[in-house]
Amino acid sequence: MLILSFDTSTDFCTVAAGIAGKVLAEENVFAPRSHAEKLLPLIDAVLKKASLTLDELEVIAVGLGPGSFTGVRIGVSTARALAQALDKPVIGISSLDALAYTNNEGMISPVVEARKNEVYFSVYKREKNDLERLTEYLVATPDDCANQLKQYPGTLLTGDALGTYGQFFEENLSPSYKFAPASDWFPRASHLLSLAHQRHEEARDLFEIKPIYLRRPAAEVPGSSALGHV
């Protein structure tokens, strides 16, 4: 199954193409507030690198968030547009799932920037290629997040919220907790592709794919005019 995968839920724009879970090509760029300009050229670059055409693709996989409202909207809208143009199904996968799908085994918690002094997070258990989510997708203050993480000693924390709250978590969690390097703080399309291959039975019609909204975007809150995080 030939899959094109991408995620635009954070400041990272990531695209990959592969077959049977094997990555044929991947491109990753730091693109804060420029996903609309970067995504389609990256898709084109990945397909050329993999010697593929759009018509050869069988499935589109997209990160559903939570994360930047604007970024998630761009990713989901692009996936729907491609699926409609190519008449292909879509697999939507939480960006937190993609972040948790690392080479590290054991307890993993992606902690993603949500602005407004809050973070998005979830807790997983990774064993070989199996990824089990142990909590709901959650949004909370860093303090509430730390208190909930105390139920899972030894957890590896990752995600871009560590850039803002890393020191706080280090000071408020026991030494048993580990912290991923900054290079692993963003979802990778290659991980999304692997999960999509595993979850191929979850492929849906483009109209069934919904972003993961954990709170209303700031643009819809009365008195607010700025696009925020979902």
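None of the figures in this text is laboratory data; all of them are computed from the coordinates on show. Keep in mind that what you see is a predicted model, and the values were worked out from it rather than measured. As a convention, Cβ positions derive from the backbone with ideal geometry for all residues, glycine included, and neighbour counts pool all protein chains shown.
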Count charges around Glu127 for me, please; just the other residues with Cβ under 14 Å from its Cβ, Lys/Arg as +1, Asp/Glu as -1. +1
Going by Cα centres, region 138-203 and region 4-20 are how many Å apart? 19 Å
Answer in debye to the nearest 20: the dipole magnitude of the chain about its Cα centre, from +1 Lys/Arg and -1 Asp/Glu charges placed on Cβ, is 160 debye
Cβ neighbours within 10 Å, averaged per peptide: list 122-129, 191-198, 3-10 in order, most packed at the top. 3-10, 191-198, 122-129
Amide H to amide H, which residues 5 or more places from Gly159 or on other chains are under 5 Å from it, using H placed in the peptide plane? Val111, Trp185
Sequence gap at least 6, Cα distance under 8 Å: using those rules, report the relative contact order of region 99-184 to the nearest whole percent. 29 percent
Past 30 Å, Cα to Cα: identify those pairs from Lys178/Lys210; Lys38/Lys125; Lys38/Lys116; Lys22/Lys125; Lys128/Lys178; Lys22/Lys116, in the order given. Lys178/Lys210; Lys38/Lys125; Lys22/Lys116
Hey, what angle do you get for helix 35-49 against the long axis of the chain, alpha-carbon based, 0 to 90 degrees rounded to 10? 60 degrees
The distance between the Cα centres of region 95-119 and region 40-75, in whole Å, is 21 Å
So between Ala85 and Glu56, what do we pick up on full extension, going 0.36 nm a residue minus the alpha carbon distance? 9.2 nm
Note, ³J(HN,Hα) from phi for region 73-88, Karplus 6.51, -1.76, 1.60, rounded to Hz, x at Gly and Pro: 4, 5, x, 5, 5, 5, 4, 5, 5, 5, 4, 5, 5, 9, 6, 10
